[in-house]
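These notes concern the structure reproduced below.
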Amino acid sequence: MPTLHATAYLKDSAAHFAGPVNVLFGAEHHLKRQVFELLQKEILGDDDGEISLTEFSGKDVEFKTVADELRTVSMWGDTRLVVVDDADEFVTDNRPSLEDYVKSPAKKSVLILLV
């Protein structure tokens, strides 16, 4: 997966498209939040997120729950956005499952991991 610095994305977000799995990491919470907001707008468009956005806390969710949400087809929107916030522990505990998911991701969903 390519790595892109937050400032490069913020400078020209139109040149970079979200993949099926995106990891936002680093100590600068403000930059991660700005990138997340742009990604959300790119992925969901004008949708306010009530229907197409699902957010989980990484400390409280199992991989199966996230995977089920990613594979659920949206009846109202084109694309589903699934976000795992504070995902450090989630990634550590589920690395093999995440690696398998990346090999064959859901076609109409995007996963964002905030670590």
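Using a Gaussian network model on the chain with a 10 Å cutoff between Cα atoms, which of D100, D78, D86 fluctuates the most?
So, out of D100, D78, D86, the one fluctuating most is D100.
What is the P(r) of the range 53-110, as percent of Cα-Cα pairs per 10 Å bin from 0?
23, 57, 19, 1
Give, rounded to the nearest 20 debye, the magnitude of the charge dipole that the chain has about its Cα centre when Lys and Arg contribute +1 at Cβ and Asp and Glu contribute -1 at Cβ.
Working: 12 positive and 21 negative charges, 87 e Å.
Using only the charged Cβ atoms, the result is roughly 420 debye.
Taking the chain, how much of its Cα-Cα pair set, in percent, is spaced more than 25 angstrom apart? It would help to have the intermediate numbers written out before the result.
On the way: 1126 of 6555 pairs.
Of the Cα pairs, 17 percent sit more than 25 Å apart.
Where a number appears in this text, it was derived from the coordinates with a stated rule and is not lab data. Note that the coordinates shown come from a computational prediction; the quantities given were computed from them, not determined experimentally. Note that we place each Cβ from the backbone using ideal geometry, even for glycine, and neighbour counts take in every protein chain shown.
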